[in-house]
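The structure under discussion appears below in the form of C-alpha cells.
The values are calculated or read from the model by the stated rules, or taken from the named source; none is laboratory data. What you see is a predicted model; the values in this text were computed from it and never measured. Cβ sites come from the backbone with ideal geometry, for glycine too, and all protein chains shown count toward neighbours. For accessibility, only protein heavy atoms count, side chains too; no ligands or nucleic acids. Shrake-Rupley method; radii C 1.70, N 1.55, O 1.52, S 1.80 Å.
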Amino acid sequence: MNAIILSAILGVILMFSGIFVTSKTAIRNIATAGMALLLLVNIAEQGGFHLFNVNTHNMLVFSKFGLLFNSIAFSATLLFFLVSAKDITNVGINAAEYFALIFFISCGIAIVSSFNSLLLLFLGIEIISIPLYILTGSDKRNLKSNEASLKYFLMGSFSTGIMLLGIALVYGAKASFSMEQMHSSINAGRNAWFYAGLLLVLISMLFKVSAAPFHFWTPDVYDGAPTVFTSFMATIVKAGVFIALVRLFDMSFVGSGYDWQLIIAIVTAATLFIGNITAIFQQSVKRMLAYSSIAQAGFMLFGVFSQNDFSREGIILYTLGYSLATIGIFAVLIKMKDYTFEGFNGLARTEPVLAATTTIFLLSLAGIPLTIGFFAKYFMLASAVKSGSHLWLVIFAILCAAISVYYYFRVIQSMYFKTGLAETEPVTPVFRWLLAGMAAAVIILGIFPNLVLQYLYF
Amino acid sequence: MSSIPLTHILFVSTALFFIGMYGLFTRRNMITMLMSVELILNSVNINFVAFNKYLYPDKLDGIFFSLFIITIAAAEAAVAIAIIINLYRSHHSIDVEDATEMKY
C-alpha cells in the first residue's frame, strides 16, 4: 500500500513542480530523490512497516512476490532516472510532466503486482497504459512520435475493450471479481461464459505484453517513441504487465489438463520464432531492440506457462536481468548519433567504456553464462522441464536463443571489428561509472543469483 | 421490468460490440475510430448492468464496475483527442491513411 499511495502523491508533486520550479536540474533531482524514497518505502513494507493502513476489502493482497517485484521495478526506474534523466528533460519543454507520468505508471505497476480482483487488474492496466500513450507522443514536433502514439492508442484501447468483455463474461458466470473465486472454479466444471471470458482476458493481456499473434504494434510504437521512453516501455512496463499475467493465472493451470498450457505453449513458440527471425533482418539497432523485446517476451511467457516455484524465481530474475541490460543498451543508444548498425562501427576505439559495457549487456541478453541473463533463461527453461509437458517447447526455445546470438553479436562485431568513427554525444564521467556499475551488477548477479532470490522467501 | 428476457439485452450489447469493432477496422477517420472505441466500451457497460440486474440483483458489483469504465473511457477520450489534434496540426487531415510516416 505504501508504494501505491506514495507514487500517486509524488506524481502530483512533480506536476506542481512543473509550475513552481523552472530549473530542469532541480526537477531531475526532485524526481530522482522521489524515486529513491519510493524504493525505500517499498523495501520498508517488505520488512513489515506500513505507512498507511487501508482496508482494501481483499481487493489488494500484498504478497512477498509482488513486493519484491515492486522493489525491482522501482530500482530499475531509479537506475533509469540516474542514467538518462537528462535525456528525459531534453525530449520537450514539459520536463516535470514526463517524470510525473512515470510516477503514475509506477503507481499502476504497484497495483497490478498486488491486485486480487479483476476490477483492480483493469484499473492497474489502464493506469499504466494511458500515461504511456502520452509519453509515446511526447515529442510533439516529430511526426513519427505522433503516429506511434496514435497507433498505440488504437491498439491499446481495442485490447482494453476485449479485456472488459472478458471480465463481463466472467462476472456473468461467477457473480464476483475475486481471484480466489476464479482460481477455485477454473478446474471445476465446464462453463462456456467463464471460459470464453478468461480467454478474452488472456488475449488482451497478450496484446499488452506484445506476444506473437498480437505483436504488430510493438516495432512501430517502440521505433516512433522518443528513445528514452522506449527504454522505459520495453523494460519496466512490460515486466509489470507480465507480473499481472502471472498473478492472474497463478497456480491455476496445475491439474487443469492440457487446454490452457497448450494455448500458452503455442503463443510462446510463435513469439520466440517471430521475434527472433524478424530481428535478424533489421538495419536499425533501435528496431532490432524492439524485436528483441518481443523475443524476450517469449521467454518471459514461460513464467505463465509452467506456474511453479522455479518460474516465479525465473520471472523475478528475468525482470531484473532484462531491465538492467536493456536500460543500459538504450542509455548508450541515446548517445549515438546514428542508430543503424554502421553507426556503432569503431565505438571500441572512440568510447572504450561504452563499448565494453554494451558488450556485457548484449551478452546478458543473449544468455551467455556468467551473466544474469543466463540464469534467468536457465530458470525459465528448468521450470518448463519441471512442469513435465511440452518438452518440444524447451528445445525450440534453446534453438531460438541460439538464433538471437546472431543479431546481438552483430552489434559487438561492428563495435570491435569494423573500422569507422562512431560519433557520440559528449558523455560525462559519471555516466561512464554508472554504466560500469550496471555491468558489474549484471555479472555479480549472474554468479550469485541468490542475492535477489532470497527475498522471495525470507 | 423483467418482461424483457436477459438474452435480448445481451444480444443488443454484443451487436453494439461488433458494430464498434467493424467501425474500428473499416473507418479511416480518426474521430469515427474514437467513436467506435467508445461504442465497444459502452456495450460492455450494458453487459455489466444487465448481468447485475438479472442474475445477481442483491449486490451492486457490476454497476460499480461500469462506473469505473465510464471514468476510464473519459480519460482515454481526452488523451485520444489530444493526439488527434496534434496529428491534425502536422498533417492537416484526420485521415489515418495520411499518417504513413512509418511505412516502408
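Just one of the listed residues (A:Phe194, A:Phe207, A:Phe158, A:Phe214) is farther than 30 Å from A:Gly92 by Cα, of a type in the set (Phe, Trp, Tyr) and open to solvent by 10 Å² or more (accessible area, probe 1.4 Å), namely A:Phe214. Output yes when any residue across segment A:347-359 is crowded, with 17+ Cβ neighbours inside 10 Å and assigned to a loop (DSSP other than H, G, I, E, B), and no when none is. Among the residues of segment A:347-359, at least one is crowded, with 17+ Cβ neighbours inside 10 Å and assigned to a loop (DSSP other than H, G, I, E, B), which makes the answer yes.
On inspection, A:Leu143 fails the criterion of being facing chain B (nearest Cβ under 7 Å), touching a strand residue (DSSP E or B) at 6+ places or on another chain (Cβ under 9 Å) and open to solvent by 10 Å² or more (accessible area, probe 1.4 Å). Taking the criterion of being facing another protein chain (nearest Cβ under 7 Å), assigned to a helix (DSSP H, G or I) and open to solvent by 20 Å² or more (accessible area, probe 1.4 Å), the residues of segment B:34-78 that qualify are B:Asp61, B:Phe68, B:Ile72, B:Ala75. For segment B:10-31, a tally of residues being open to solvent by 30 Å² or more (accessible area, probe 1.4 Å), more than 15 Å from A:Lys151 (Cα to Cα), within 12 Å of chain A (Cβ to nearest Cβ) and not hydrophobic (A, V, I, L, M, F, W, C) returns 1.
To keep it simple, each residue is scored yes or no on (1) open to solvent by 80 Å² or more (accessible area, probe 1.4 Å); (2) part of a helix (DSSP H, G or I).
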{"residue": "A:Lys418", "(1), (2)": "yes, no"}
{"residue": "A:Ala422", "(1), (2)": "no, no"}
{"residue": "A:Pro426", "(1), (2)": "yes, no"}
{"residue": "A:Trp433", "(1), (2)": "yes, yes"}
{"residue": "A:Ala436", "(1), (2)": "no, yes"}
{"residue": "A:Ala440", "(1), (2)": "no, yes"}
{"residue": "A:Leu445", "(1), (2)": "no, yes"}
{"residue": "A:Val452", "(1), (2)": "no, yes"}
{"residue": "A:Tyr455", "(1), (2)": "yes, yes"}
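Name the one entry in A:Gly108, A:Gly92 that is more than 9 Å from every other protein chain (Cβ to nearest Cβ) and not in a helix (DSSP H, G or I). That would be A:Gly92, the only listed residue that is more than 9 Å from every other protein chain (Cβ to nearest Cβ) and not in a helix (DSSP H, G or I).
Here's the yes/no breakdown for (1) of a type in the set (D, E, K, R); (2) surrounded by 21 or more Cβ atoms within 10 Å (Cβ to Cβ); (3) farther than 25 Å from A:Val442 by Cα:
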site	(1), (2), (3)
A:Ser7	no, yes, yes
A:Val12	no, no, yes
A:Thr77	no, yes, no
A:Phe104	no, yes, yes
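Among the residues making up segment A:400-437, a single one is of a type in the set (Ser, Thr, Tyr) and free of Cβ contacts under 8 Å to residues at least 40 places away in the same chain: A:Thr428. Yes or no: segment A:42-62 includes at least one residue that is at pLDDT 90 or above, outside any loop (DSSP other than H, G, I, E, B) and open to solvent by 50 Å² or more (accessible area, probe 1.4 Å). Yes, segment A:42-62 has at least one match. When segment A:106-128 is limited to residues that are out of contact with any Ser or Thr (no Cβ under 6 Å at 6 or more places or on another chain) and open to solvent by 10 Å² or more (accessible area, probe 1.4 Å), the one that is farthest from A:Leu78 (Cα to Cα) turns out to be A:Leu119. Within the option set A:Leu150, A:Leu164, being touching a residue at least 40 places away in the same chain (Cβ under 8 Å) and at the interface with another protein chain (Cβ under 9 Å from one of its Cβ atoms) holds for one residue only, A:Leu164.
Would you confirm, using the coordinates I've provided, whether A:Gly48 is free of Cβ contacts under 8 Å to residues at least 40 places away in the same chain, farther than 21 Å from A:Val237 by Cβ and of a type outside the set (Ser, Thr, Tyr)? Taking the combined requirement at face value, the residue satisfies it.
If you scan segment A:130-140, which residues turn out to be open to solvent by less than 50 Å² (accessible area, probe 1.4 Å) and either in a helix (DSSP H, G or I) or at positive phi (or both)? Listed by number, the residues that qualify are A:Ile130, A:Pro131, A:Leu132, A:Tyr133, A:Leu135, A:Thr136. Taking the listed residues A:Gly328, A:Gly321, the one that is closer than 21 Å to A:Lys64 by Cα and open to solvent by less than 10 Å² (accessible area, probe 1.4 Å) is A:Gly321, with no other qualifying. For segment A:123-140, the set of residues classified as over 20 Å from A:Val201 (Cβ atoms) and at the interface with chain B (Cβ under 8 Å from one of its Cβ atoms) consists of A:Tyr133, A:Ile134, A:Gly137, A:Lys140, listed by residue number. On inspection, A:Ile334 fails the criterion of being open to solvent by 10 Å² or more (accessible area, probe 1.4 Å) and more than 21 Å from the chain's Cα centre (by Cα).
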